[in-house]
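Trainee: Before I ask anything, let me first share the structure, which is written out below as structure tokens.
Computed from the coordinates by the stated procedures, all read-outs in this text should not be read as laboratory data. Keep in mind that what you see is a predicted model, and the values were worked out from it rather than measured. Please note: Cβ atoms are built from the backbone with ideal geometry, for glycine as well, and neighbour counts cover all protein chains shown.
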Ligand SMILES: [Zn+2]
């Protein structure tokens, strides 16, 4: 179950105070609808009947909300609010958009991101627990977390790393490797140590993204190469090369 938030003072807000009961009801139930269906504040006109079954004149209630600028209708003025989906590009075509919906409600993208994070944390928690159970009697838990370093996570740049170890190394960042992505990653293996290091230092949340980065690194490597020495330097400093193959110093270095 998720929640819709309402400002505790909203019934007294000048915009809300003057609403008819029907419009008020529609305003509240539309927020619930938008949150439940993750519409980013969009309310299709076809939903009015369901949202406000006891309101006799639903369109009138809807236009009341538009008039009080609690809703946007197609072609209504852009309010310019950074918390308003309408102002941020959600279209009101075929319905309405709740003004300032993002003031208290998360966007669909934020909900998605949060649920992915939770699932990921859950997977990690589950695996850690399974590992602990498998390793026999429980060890006393240190009062402060002790940083540990897994030997398996260390690898050299030249090493060719098979898929099992790639998964092991990537697990803390991306979770378990499964589904069609595991095929994709397996096809890229073995992965050179430097490729792995480079792709893992590129921020991303998933194995799918990781695979994409490895592919792009290889595409980059397949392009005409600068002299070998310069390439090495490039990998170490990740500095771009000028047309003679000489690494361009970072802006702050050249500025001094
Ligand atoms: Zn607005």
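Trainee: With a 10 Å Cβ neighbour count serving as the proxy for reagent exposure, in which order, fewest first, do 181, 55 appear?
Mentor: 181, 55
Trainee: Round to a whole angstrom and tell me the spacing of the C-alpha centers of segment 95-134 and segment 161-186.
Mentor: 22
Trainee: For segment 53-82 and segment 192-213, write down the distance between their C-alpha centroids in whole Å.
Mentor: Here the two parts' Cα centres lie 47 Å apart.
Trainee: How far apart, in nanometres, would the label points at residue 78 and residue 164 be if each is projected 7 angstrom from Cα along the Cα-to-Cβ direction?
Mentor: Going from the residue 78 label point to the residue 164 one covers 5.7 nm.
Trainee: Given 0.36 nm per residue, what is the gain on full extension from residue 216 to residue 91 after removing their alpha carbon distance, in nm? Walk me through the intermediate numbers first.
Mentor: Numbers: separation 125, 0.36 × 125 = 45.00 nm, distance 3.52 nm.
Fully extending the segment from residue 216 to residue 91 adds 41.5 nm.
Trainee: Using a/c under 1.5 as the rounded threshold, could you call segment 26-81 rounded, prolate or oblate? The axes a ≥ b ≥ c are square roots of the C-alpha gyration tensor eigenvalues, and prolate needs a/b larger than b/c, oblate otherwise.
Mentor: oblate
Trainee: If you don't mind, there's one more thing I want to ask. Just check segment 10-108 against the gyration tensor rule for me: Cα atoms, a ≥ b ≥ c as the square roots of the eigenvalues, rounded for a/c under 1.5, and otherwise prolate or oblate depending on whether a/b exceeds b/c. Please report the intermediate quantities before stating the final value.
Mentor: On the way: a/c = 1.44, a/b = 1.25, b/c = 1.15.
Rounded is the answer for segment 10-108, as its axis ratio a/c remains below 1.5.
Trainee: Which order do the peptides 21-34, 41-54, 76-89 come out in when sorted by mean C-beta neighbours inside 10 angstrom, highest first?
Mentor: Listed from highest to lowest mean packing, they are 21-34, 41-54, 76-89.
Trainee: If you take the beta carbon distance between residue 49 and residue 180 as r and set R0 to 45 Å, what does 1/(1 + (r/R0)^6) give as a FRET efficiency, to the nearest 0.05?
Mentor: 0.60
Trainee: Here is a further query. Suppose the chain between residue 8 and residue 121 were pulled fully straight at 0.36 nm per residue; how much longer would it get relative to their current alpha carbon spacing? Write down the numbers at each step before the final one.
Mentor: Details: separation 113, 0.36 × 113 = 40.68 nm, distance 3.33 nm.
Here the answer is 37.4 nm.
Trainee: Ranking 13, 72 by Cβ neighbours within 10 Å, fewest first, what do you get?
Mentor: Least crowded to most crowded, the residues run 13, 72.
Trainee: For the pair residue 244 and residue 112, what calculated FRET efficiency results from E = 1/(1 + (r/R0)^6), where r is the Cβ-Cβ distance and R0 = 45 Å, to the nearest 0.05?
Mentor: FRET efficiency, residue 112 to residue 244: 0.45.
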